[in-house]
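Working notes, structure below.
The values are calculated or read from the model by the stated rules, or taken from the named source; none is laboratory data. A quick note: this is a predicted structure, and the numbers were derived from the prediction, not measured. All Cβ positions, glycine included, derive from the backbone under ideal geometry; neighbour counts span all protein chains shown. Note: accessible area is taken over every heavy atom of the protein model, side chains too, but ligands, DNA and RNA are not part of it. Shrake-Rupley method; radii C 1.70, N 1.55, O 1.52, S 1.80 Å.
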Amino acid sequence: MPFLERKEKKLEVRIANRFTLPVKVGHTIVFGGTVTRTVKAIRRYRDFEAMLSHENADEIWSGASADQVLKLLEGISPPKT
């Protein structure tokens, strides 16, 4: 949450599922009941590696490399086999 509060985190990553699919550009997302952000774009990728080949890892996790972000994301949502 501190990255969001300081506006260092510019890109939110979500796995497409029944909870996130209804989110549209222009919707407001509230983080922790205090920080709000407006959805500016929605981009879909086949997997995290494809996403990281198009997106700046530093905007997902400030100061992190693409490898670090990939490990973080796979720890949250392991790749499908």
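For the reader, a short list of remarks on this structure follows.
- Site-free segments of the chain were taken between chymotrypsin sites (Phe, Trp or Tyr not before Pro) in DSSP loops having at most 15 other Cβ atoms within 10 Å, sites themselves excluded; the longest one is 46-81.
- Exposure rule at most 16 other beta-carbon atoms within 10 Å, DSSP loop trypsin sites (Lys or Arg not before Pro): the chain longest free segment: 47-79
- Helices in the chain, meaning DSSP H runs of at least 4 residues, each add -39500 (n - 2.57). Divided by all residues, the mean residue ellipticity at 222 nm is -7500 deg cm²/dmol.
- Full extension of the segment from residue 76 to residue 59, taken as 0.36 nm per residue of separation minus the current Cα-Cα distance, would add 4.4 nm.
- With DNA, RNA and ligands ignored, accessible area of residue 34 (1.4 Å probe; Å², nearest 10): 100
- Close Lys-Lys pairs in the chain, where close means Cα under 26 Å and separation is 8 or more or interchain: 13
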